[in-house]
Every structure is written in C-alpha cells, then in structure tokens.
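The values are calculated or read from the model by the stated rules, or taken from the named source; none is laboratory data. If you're wondering where the values come from, they're calculated on a predicted model, not measured in any experiment. Every residue, glycine among them, receives a Cβ derived from its backbone with ideal geometry; neighbour counts consider all protein chains shown. Note: areas computed on protein heavy atoms with side chains; ligands, DNA, RNA excluded. Shrake-Rupley method; radii C 1.70, N 1.55, O 1.52, S 1.80 Å.
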Amino acid sequence: MDAYDEDPRAARGPDGSTGARPPEKPEAPETPGGPESTGTSENTGTPENTGTAEKAGTPENTGTPGSPDTVLSPDTALSSETSEGSEPDRTPPGQAPAPAPDPARRGLAALSPRYQAVAALAVAVIGVGVGVHLLMVFLSLAPQNTVSKQHGKAVEAWVFPEFEQNWKLFAPNPLQQNIAVQVRADVRMKDGSVRTTGWIDLSAQDGAAIKGNPAPSHTQQNELRRAWDFVTATHTADNRPVGMRGALSEQYLRRIAVMRLYRTDPTSRIGVIQRVQVRSRTLNVQPPSWSGEQVPDKPLYRMLPWWTVSAAEAAGGVR
C-alpha cells in the first residue's frame, strides 16, 4: 500500500473524504562519509551535545563564583581551592593542627642543651688529645729545635716505645739481613732448683704465625723487631745502655721475652722466671747467582748480658 492511499477504516470528514495518514519521514540518503561527516543526530541533535535543562541550569555550571547570585557547594569550593595549587585542610574540626617539624634541628641541634654541652666537651677533649699526639710524634721525628731540646724528656716519654717511627724502608740501602731474636731463661722450679732453658727463637714464632695469614696482627709483624731495633740503637758496641732510653729499651724487650716464654715454653710455664738473656742471630741475604758480589754466609751473634726479672715483671707475664 502506498503512503497516500486511503484507509478504509479511517473516519470520513464532512466533505465525505477520508483522512489520510501522515507520510512517514523519508530516510536520509547514505553518503560515503558516514554519520560522522554528515551531522547525524548522534553529533548534532542529541541531548548529550545540546545540554539538558538540568545540566544547563545548575549553579555549578552556569553561575560565576564572584557574582552575588551564585551559591557554591562545599565540593565546588574544595575543587576550586585544589585547582589553585593549595592543599586542602584535612584537620578534623575542633582539633588544632599539628606543628610542622623544624628542618633546622638535626644532628646535635636536636639534642637538649645539656647533652649538647656534653657532646661539645667530648669533641673538644678528643681534638686536644689528637693534636697533642701528632705534635709529640712530629717533635720526635723533626730535627732538633728549641722545643725538642727543652722538652725532650717529655717527648720521649710520650712517644717511646709504642709510637716510635722507623724510616728504614726508604733508606738508600735497605736492610739485606735476616735478624732473628732468641732468648733463654733461668727458671726456678717448684722444688727450688734452677733450670736453664735452651735458646728459643722468638722471630721464628712470629714468622710461623704470619706465614699463610692474610691479615696478621701488628704485634706479630713489628713488636719484637722494633724492640730489638730500639735496643741496638740505644746501646754501645759492648752492650751498655745509653741514657734513659737505653734503660727503657731493656725493660721493654725484657717484658716481651718474659711474656713469650710464659706462653710457649713448657719449662717456664711450670716455674718462675728469674732472669733472661737475649741474643740476635744475623745472617746475610745471599746475592743472586749472576752477581759477582761476595757476602759472608756464616751467622753473626750478638749476645746481651743476663737481665734479672723483677717479681712484678714475672707476675705480669701471660701464662
């Protein structure tokens, strides 16, 4: 049936004609561009694009914040403040905001005044001690001057023997000898008899402790060697001590010998050491085969006299 044909069931008008149905809306012809390019109802006539009365008439979208007729909701005010870059106040109502921490109070400044004073005093004492020690070591190594001449005894008492410095490593002729320090002792046994031990090679004990050890102790490497250098530097050729340093060197080496004997010698461990005697065994390092240099290969001994061990030194030995 055509759109303009009469409907037999339609009511007739006064003139006897029958009503006609309204024509249907003709379909728009399709174009190659599709709905996107022809402006169909999806883009032009839909309520989403034209805006409904509810969206267009709300104060949030149409009102101006500065106008008197505009009423801002709390959400709108919060969003406007946040958009301007300021942080919203999240403090609960009725509660004072927490004080912000002071970034300047860090380290010692964060302590109370009493602890600050204690820390400052400790730092000052440590600084003074380090400064005095460095000054004493410098005066012991520097050429003689007015200060070292007037206060030489105080400098030696501070430095020797623990902090003495040795610069033989940088000498024009480095040491080319193997020097071994050996000791023997007279030991009083429990029955009252006195027994003399054989010669004990203390340097060999240090060498055995250092060999194969990736991190040997400073005492195993240098204590005995430096003590012997101290003795030879402060004694004459006939083994007489020179001044206060000579006597101090004897006491230092004697204490080392007594301590080592009580640790390693079985005879000394069951008795009491009465006196000790120290000697050195010096053997020249032989030159290579291609060198024509001739060096004696026989050991040379230097024998020191017997030293009496006091009761305090004997009791101070480590058993």
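Heavy-atom accessible surface of ASP191, to the nearest 10 Å², is about 120 Å², with a 1.4 Å probe and all protein chains retained.
Between GLU162 and THR232, the distance separating the two model label sites (each 7 Å from Cα on the Cα→Cβ line) works out to 2.6 nm.
Measuring nothing but protein heavy atoms, the accessible surface of segment 229-319 at 1.4 Å probe radius is 55 percent carbon and sulfur.
Between THR146 and LEU134, the simple label model (points 7 Å from Cα in the Cβ direction) yields a spacing of 2.4 nm.
Quick one: net charge around VAL187, please, counting Lys, Arg +1 and Asp, Glu -1 for every other residue with C-beta under 11 Å from its C-beta. Once all neighbours under 11 Å are counted, the net charge is +4. Proximity of backbone amide H atoms, modeled 1.01 Å from N, is registered between GLN274 and ASP186, VAL187, ARG188 at under 5 Å, excluding neighbours fewer than 5 places apart on the same chain.
The listed residues TYR262, TYR115, TYR252 rank as TYR115, TYR252, TYR262 when sorted by accessible area, largest first, using a 1.4 Å probe. Excluding ligands, DNA and RNA, the accessible surface per residue across segment 205-288 is 51 Å² with a 1.4 Å probe.
Work out how much length TRP306 to VAL285 would gain on full extension: take 0.36 nm times their residue separation and subtract the Cα-Cα distance, in nm to one decimal.
Result: 4.6 nm gained on full extension.
According to the square roots a ≥ b ≥ c of the eigenvalues of the Cα gyration tensor, what is the shape class of segment 182-304, taking rounded for a/c under 1.5, prolate for a/b larger than b/c otherwise, and oblate for the remainder? It comes out prolate by the Cα gyration axes.
Under 20 Å from a label point set 7 Å out along the Cα-to-Cβ vector of ALA154, the amide N atoms of segment 245-272 belong to 245.
Taking a ≥ b ≥ c as the square roots of the eigenvalues of the Cα gyration tensor of segment 234-310, is the shape rounded (a/c under 1.5), prolate (a/b larger than b/c) or oblate? Since a/c reaches 1.5 but b/c is at least a/b, the shape of segment 234-310 is classed as oblate.
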